[in-house]
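Worksheet for the structure shown next.
The values are calculated or read from the model by the stated rules, or taken from the named source; none is laboratory data. The structure displayed is predicted, hence computed values, not measured ones. Here the Cβ positions follow ideal geometry from the backbone for every residue, glycine too, while neighbour counts run over all protein chains shown.
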Amino acid sequence: MTLLQIEDLKVHFPVRTGRFGGGKGTVRAVDGVSLSIDARETLALVGESGCGKSTLGNAVLGLAPVTAGTIQFDGQDLGTLSTAARKRLWRDMQVVFQDPVSALNPRRSIASSIAEPLIIHGWSGSIPDRVTELMELVGLNADQRTRRPQALSGGQRQRVVIARALALNPRLIICDEPVSALDVSIQSQILNLLMRLQAELDLSYLFISHDLSVVRHIADRVAVMYLGTVVEDGPASAVFSDPVHPYTQALMSAIPLPDPSRRDRGDRVLLQGDLPSPLDPPSGCPFRTRCPLAEPRCAETRPALTPQGPGHRAACLVQDRNPGGPPA
């Protein structure tokens, strides 16, 4: 069953340009994205910094204005809901941010931070009992409830943030780089916790990350974003084992290998040039200015996502000239 359906989503921000700010422009942070997440599924959204991943997540949460397109949650169009209805829906959608330090109030105790959504939404049961239950669920000791965030480790702080996100029994959690601020030794613990909670509580995740090693561990499906658009999506196994889009191939070739003998492999794809500005994106295919396969027609037509296999799509006009493997 589809829980979240995004159709042709656009999030554009007007900005002033020019030396003295006299001109006007538009930042196309998200520019025509269509995605879906099923119940109990993890969709990973990956790409370079600035590609629009977090903006898309904020749009789902109502934290970024939607310029065009629709976002439906469990069949409800979020754009048509009243403020009161949207607030009720927030019980079903929560977020885990990247930095647990900035996500928690340093003056509040752990118990107070976890209890905050319960108080705001009028939890009918015992709030202290619910806080204890949530702390145990994420692996925190009950005797830590009076501590402040600065008295906890980074992993413990992120467990507090996860406990707070679970307080109202949500169905979808948007995880925005939830382990990137943690030590590598702690990352696997938090990922395993998220996977265990998903199995126990029937959760769905929109998992935003730039770390493909992390994504490979947790994702059911992967969507690759570049300059506000999705250039490839599909089952995680297909995207990792047989990437079609040249940008996806470059990302996959950059994944570090644990085997020292393979670290100097010859299949590394190095992209040329810088990421174009979303204020002035290239015509046609947004990746063409850095693509080793670009042809003149790539400047004229913006490619649509086309089937590459079961549930696997890619947006590339010259993909037929690159059957499998990174471009030479």
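Considering (1) surrounded by fewer than 17 Cβ atoms within 10 Å (Cβ to Cβ); (2) within 16 Å of F207 (Cβ to Cβ); (3) touching an Asp or Glu at 6+ places or on another chain (Cβ under 8 Å), say which one S36 fails and leave the rest.
(3)
Among S36, S82, S49, which is the only one that is modelled with pLDDT of 95 or more and small (G, A, S)? Before you say what the answer is, go through the steps one by one.
Details: S82 fails: modelled with pLDDT of 95 or more; S49 fails: modelled with pLDDT of 95 or more.
Result: S36 is the single residue among S36, S82, S49 that is modelled with pLDDT of 95 or more and small (G, A, S).
Kindly indicate the residue of region 112-156 that is touching a residue at least 40 places away in the same chain (Cβ under 8 Å), of a type in the set (A, V, I, L, M) and not in a helix (DSSP H, G or I) and also farthest from L191 (Cα to Cα) among those meeting that condition.
L152
Being out of contact with any Leu (no Cβ under 6 Å at 6 or more places or on another chain) and hydrophobic (A, V, I, L, M, F, W, C) narrows it down to one residue among V33, V27, V15; which is it? Steps first, please.
Working: V33 fails: out of contact with any Leu (no Cβ under 6 Å at 6 or more places or on another chain); V27 fails: out of contact with any Leu (no Cβ under 6 Å at 6 or more places or on another chain).
From the options V33, V27, V15, the qualifying one is V15.
Give the number of residues within region 32-91 that are of a type outside the set (A, V, I, L, M, F, W, C), farther than 30 Å from S213 by Cβ, assigned to a loop (DSSP other than H, G, I, E, B) and in contact (Cβ under 8 Å) with a residue 24 or more places away in the chain.
Number satisfying all stated conditions: 5.
Among (1) touching a residue at least 40 places away in the same chain (Cβ under 8 Å); (2) assigned to a helix (DSSP H, G or I); (3) not small (G, A, S), which single condition is R159 missing?
So the condition that R159 fails would be (1).
Based on what the data block shows, is A142 modelled with pLDDT of 95 or more, more than 18 Å from the chain's Cα centre (by Cα) and hydrophobic (A, V, I, L, M, F, W, C)? Quick ask: steps written out before the conclusion?
On the way: modelled with pLDDT of 95 or more: no; more than 18 Å from the chain's Cα centre (by Cα): yes; hydrophobic (A, V, I, L, M, F, W, C): yes.
No; evaluated as a whole, the condition is false for this residue.
Taking the condition touching a residue at least 60 places away in the same chain (Cβ under 8 Å) and either of a type in the set (K, R) or over 17 Å from G155 (Cβ atoms) (or both), does I218 pass?
Numbers: touching a residue at least 60 places away in the same chain (Cβ under 8 Å): yes; either of a type in the set (K, R) or over 17 Å from G155 (Cβ atoms) (or both): no.
So I218 fails the test.
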